[in-house]
1. Only residues that are at pLDDT 95 or above and among the charged types (D, E, K, R): list them for the range 10-31, please.
2. Specify the residue that is surrounded by the most Cβ atoms within 10 Å (Cβ to Cβ); the eligible residues are those in the range 141-181 that are free of Cβ contacts under 8 Å to residues at least 40 places away in the same chain and farther than 24 Å from Leu23 by Cα.
3. Go through the range 71-106 and count every residue that is more than 16 Å from the chain's Cα centre (by Cα), hydroxyl-bearing (Ser, Thr, Tyr) and at pLDDT 95 or above.
4. Among residues belonging to the range 101-139 that are aliphatic (A, V, I, L, M) and in contact (Cβ under 8 Å) with a residue 40 or more places away in the chain, point out the one that is surrounded by the fewest Cβ atoms within 10 Å (Cβ to Cβ).
5. Restricting to the range 124-161, what's the tally of residues that are in contact with a His (Cβ under 9 Å, 6 or more places away or on another chain) and of a type outside the set (S, T, N, Q)?
6. Restricting attention to the range 58-81, report how many residues are farther than 18 Å from Asp28 by Cβ, out of contact with any helix residue (DSSP H, G or I) (no Cβ under 7 Å at 6 or more places or on another chain) and aliphatic (A, V, I, L, M).
7. List pairs: first in the range 4-24 and within 14 Å of Val179 (Cβ to Cβ), second among the charged types (D, E, K, R) and assigned to a strand (DSSP E or B), Cβ under 7 Å, 6+ apart or cross-chain?
8. Restricted to the range 1-31, and to residues that are touching a Ser or Thr at 6+ places or on another chain (Cβ under 7 Å) and aromatic (Phe, Trp, Tyr), which residue is surrounded by the fewest Cβ atoms within 10 Å (Cβ to Cβ)?
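The values are calculated or read from the model by the stated rules, or taken from the named source; none is laboratory data. All figures in this text were calculated on a predicted structure; none of them were measured in a lab. In this analysis, Cβ positions are derived from the backbone assuming ideal geometry, glycine residues included, and neighbour counts consider all displayed protein chains.
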Amino acid sequence: MKLPFEIDKTWTLFLDRDGVINLHYPNDYVKSWNEFIFLEGALDAITELSKIFKRIIVVTNQQGVGKGLMTDADLQHIHEEMRMAVKKNGGVIHSVYAATNLVSENSKMRKPNIGMALQARRDFEGLSFSKSIMVGDSVSDLEFGRNAGMKTVFISHSENEHPWADVTVNSLQDFAKMVCA
(Lines give C-alpha, C1' and ligand atoms only; values in the text may rest on other atoms or scores of the structure.)
Protein backbone atom coordinates (compact mmCIF):
# COMPACT_ATOMS: atom_id res chain seq x y z
CA MET A 1 0.00 0.00 0.00
CA LYS A 2 1.19 3.52 -0.82
CA LEU A 3 0.43 6.77 0.95
CA PRO A 4 -2.68 8.52 -0.40
CA PHE A 5 -0.64 11.75 -0.69
CA GLU A 6 2.80 12.70 -1.98
CA ILE A 7 5.62 13.65 0.38
CA ASP A 8 9.12 14.93 -0.24
CA LYS A 9 12.18 16.06 1.74
CA THR A 10 10.41 19.29 2.79
CA TRP A 11 7.91 17.45 5.01
CA THR A 12 7.97 17.14 8.80
CA LEU A 13 7.10 13.96 10.68
CA PHE A 14 5.54 14.29 14.14
CA LEU A 15 5.61 11.14 16.26
CA ASP A 16 3.86 10.29 19.48
CA ARG A 17 6.20 8.45 21.85
CA ASP A 18 4.47 5.80 24.00
CA GLY A 19 2.92 3.09 21.83
CA VAL A 20 4.61 4.39 18.67
CA ILE A 21 8.33 4.45 19.48
CA ASN A 22 8.41 2.58 22.77
CA LEU A 23 6.36 0.15 24.80
CA HIS A 24 3.32 1.78 26.39
CA TYR A 25 2.49 0.67 29.94
CA PRO A 26 -1.30 0.88 30.39
CA ASN A 27 -2.17 2.89 33.50
CA ASP A 28 1.52 3.62 34.14
CA TYR A 29 4.37 5.72 32.81
CA VAL A 30 7.92 5.21 31.60
CA LYS A 31 9.59 6.83 34.60
CA SER A 32 13.25 6.01 33.87
CA TRP A 33 15.47 5.00 30.97
CA ASN A 34 15.53 1.44 32.37
CA GLU A 35 11.77 1.20 31.72
CA PHE A 36 12.05 2.52 28.15
CA ILE A 37 11.81 -0.33 25.62
CA PHE A 38 11.84 0.41 21.89
CA LEU A 39 9.02 -1.31 20.02
CA GLU A 40 10.15 -3.92 17.52
CA GLY A 41 11.45 -2.22 14.39
CA ALA A 42 10.99 1.33 15.72
CA LEU A 43 14.69 2.23 15.75
CA ASP A 44 15.19 1.06 12.17
CA ALA A 45 11.96 2.76 11.12
CA ILE A 46 13.16 6.12 12.48
CA THR A 47 16.48 5.61 10.69
CA GLU A 48 14.70 5.01 7.36
CA LEU A 49 12.23 7.85 7.92
CA SER A 50 15.15 10.20 8.69
CA LYS A 51 16.21 9.78 5.06
CA ILE A 52 12.79 10.87 3.79
CA PHE A 53 11.65 13.70 6.10
CA LYS A 54 13.30 17.08 6.62
CA ARG A 55 12.73 16.77 10.35
CA ILE A 56 11.33 14.31 12.87
CA ILE A 57 9.73 15.71 16.02
CA VAL A 58 8.37 13.79 18.99
CA VAL A 59 5.29 15.22 20.73
CA THR A 60 4.24 13.45 23.90
CA ASN A 61 1.84 13.93 26.80
CA GLN A 62 3.70 13.03 30.00
CA GLN A 63 1.48 13.85 32.95
CA GLY A 64 3.54 11.48 35.11
CA VAL A 65 5.67 14.56 35.82
CA GLY A 66 2.60 16.55 36.86
CA LYS A 67 1.56 13.67 39.11
CA GLY A 68 4.98 13.67 40.80
CA LEU A 69 5.84 10.14 39.62
CA MET A 70 9.02 11.44 37.94
CA THR A 71 10.81 14.75 37.61
CA ASP A 72 11.41 16.95 34.59
CA ALA A 73 15.06 15.87 34.84
CA ASP A 74 14.02 12.19 34.68
CA LEU A 75 11.96 12.89 31.57
CA GLN A 76 14.77 14.89 29.94
CA HIS A 77 17.18 12.01 30.63
CA ILE A 78 14.81 9.51 28.97
CA HIS A 79 14.52 11.75 25.91
CA GLU A 80 18.28 12.33 25.70
CA GLU A 81 18.94 8.58 25.85
CA MET A 82 16.22 7.91 23.25
CA ARG A 83 17.70 10.49 20.89
CA MET A 84 21.22 9.09 21.38
CA ALA A 85 20.03 5.54 20.67
CA VAL A 86 18.33 6.77 17.47
CA LYS A 87 21.49 8.65 16.46
CA LYS A 88 23.70 5.57 17.10
CA ASN A 89 21.36 3.65 14.79
CA GLY A 90 21.78 6.23 12.02
CA GLY A 91 18.58 8.21 12.49
CA VAL A 92 17.70 11.56 13.99
CA ILE A 93 15.01 13.05 16.18
CA HIS A 94 15.33 16.80 15.76
CA SER A 95 13.37 17.74 18.86
CA VAL A 96 11.14 16.38 21.61
CA TYR A 97 8.25 18.36 23.08
CA ALA A 98 6.57 17.05 26.22
CA ALA A 99 3.40 18.30 27.88
CA THR A 100 3.83 17.50 31.56
CA ASN A 101 0.60 19.11 32.80
CA LEU A 102 -2.22 17.14 34.35
CA VAL A 103 -5.26 16.51 32.17
CA SER A 104 -7.34 18.55 34.63
CA GLU A 105 -5.20 21.64 33.94
CA ASN A 106 -6.50 21.81 30.35
CA SER A 107 -3.11 23.04 29.12
CA LYS A 108 -2.78 24.31 25.55
CA MET A 109 0.35 22.14 25.33
CA ARG A 110 -1.41 18.80 25.96
CA LYS A 111 -2.67 16.90 22.94
CA PRO A 112 -5.23 17.16 21.42
CA ASN A 113 -4.48 20.89 21.79
CA ILE A 114 -1.78 22.05 19.39
CA GLY A 115 0.58 23.97 21.68
CA MET A 116 3.48 21.58 21.01
CA ALA A 117 2.94 21.91 17.24
CA LEU A 118 2.88 25.70 17.48
CA GLN A 119 6.10 25.65 19.53
CA ALA A 120 7.75 23.42 16.92
CA ARG A 121 6.70 25.81 14.16
CA ARG A 122 8.26 28.70 16.10
CA ASP A 123 11.45 26.68 16.62
CA PHE A 124 11.86 25.38 13.05
CA GLU A 125 11.80 27.93 10.25
CA GLY A 126 9.73 26.84 7.28
CA LEU A 127 7.78 24.14 9.14
CA SER A 128 4.37 23.89 7.47
CA PHE A 129 1.53 21.91 9.03
CA SER A 130 0.09 21.27 5.56
CA LYS A 131 3.34 19.42 4.82
CA SER A 132 3.39 17.49 8.10
CA ILE A 133 2.24 14.06 9.22
CA MET A 134 1.26 13.10 12.77
CA VAL A 135 1.75 9.43 13.65
CA GLY A 136 0.04 8.26 16.83
CA ASP A 137 -1.86 5.46 18.48
CA SER A 138 -4.63 7.39 20.23
CA VAL A 139 -7.61 9.55 19.38
CA SER A 140 -5.89 12.56 20.98
CA ASP A 141 -2.92 12.08 18.61
CA LEU A 142 -5.25 12.08 15.61
CA GLU A 143 -7.14 15.11 16.93
CA PHE A 144 -3.83 16.93 17.49
CA GLY A 145 -2.85 16.30 13.88
CA ARG A 146 -6.26 17.29 12.51
CA ASN A 147 -6.47 20.39 14.73
CA ALA A 148 -3.11 21.54 13.34
CA GLY A 149 -4.02 20.75 9.73
CA MET A 150 -1.65 17.78 9.35
CA LYS A 151 -2.11 14.43 7.65
CA THR A 152 -2.65 11.67 10.22
CA VAL A 153 -1.43 8.10 10.54
CA PHE A 154 -3.03 5.82 13.12
CA ILE A 155 -0.99 2.99 14.61
CA SER A 156 -3.61 0.37 15.38
CA HIS A 157 -2.49 -2.27 17.83
CA SER A 158 -5.68 -4.21 17.06
CA GLU A 159 -5.63 -3.92 13.26
CA ASN A 160 -8.77 -1.74 13.34
CA GLU A 161 -8.81 1.33 11.16
CA HIS A 162 -9.76 4.70 12.59
CA PRO A 163 -12.21 6.80 10.55
CA TRP A 164 -10.34 10.06 11.27
CA ALA A 165 -6.96 8.78 10.08
CA ASP A 166 -5.67 9.32 6.57
CA VAL A 167 -3.75 6.04 6.90
CA THR A 168 -3.87 3.13 9.38
CA VAL A 169 -0.89 0.82 9.94
CA ASN A 170 0.09 -1.74 12.56
CA SER A 171 3.43 -0.19 13.56
CA LEU A 172 5.92 2.57 12.88
CA GLN A 173 7.91 -0.07 11.00
CA ASP A 174 4.95 -0.68 8.67
CA PHE A 175 4.60 3.07 8.11
CA ALA A 176 8.31 3.33 7.23
CA LYS A 177 7.96 0.48 4.72
CA MET A 178 5.01 2.29 3.14
CA VAL A 179 6.84 5.62 2.90
CA CYS A 180 10.13 4.16 1.72
CA ALA A 181 8.56 1.86 -0.91
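1. Asp16, Arg17, Asp18, Lys31
2. Only one residue fits best here, namely Ala148.
3. Number satisfying all stated conditions: 1.
4. Pass one, the range 101-139, residues aliphatic (A, V, I, L, M): 102-103, 109, 114, 116-118, 120, 127, 133-135, 139.
Checking which are in contact (Cβ under 8 Å) with a residue 40 or more places away in the chain leaves us with 103, 116-117, 120, 127, 133-135.
Details: Val103: 12, Met116: 25, Ala117: 26, Ala120: 23, Leu127: 19, Ile133: 23, Met134: 29, Val135: 28.
Filtering first and then ranking leaves Val103.
5. 6
6. Here the count works out to 2.
7. Correct list of pairs: Phe5/Lys151; Thr12/Arg55.
8. Out of the qualifying residues, it is Trp11.
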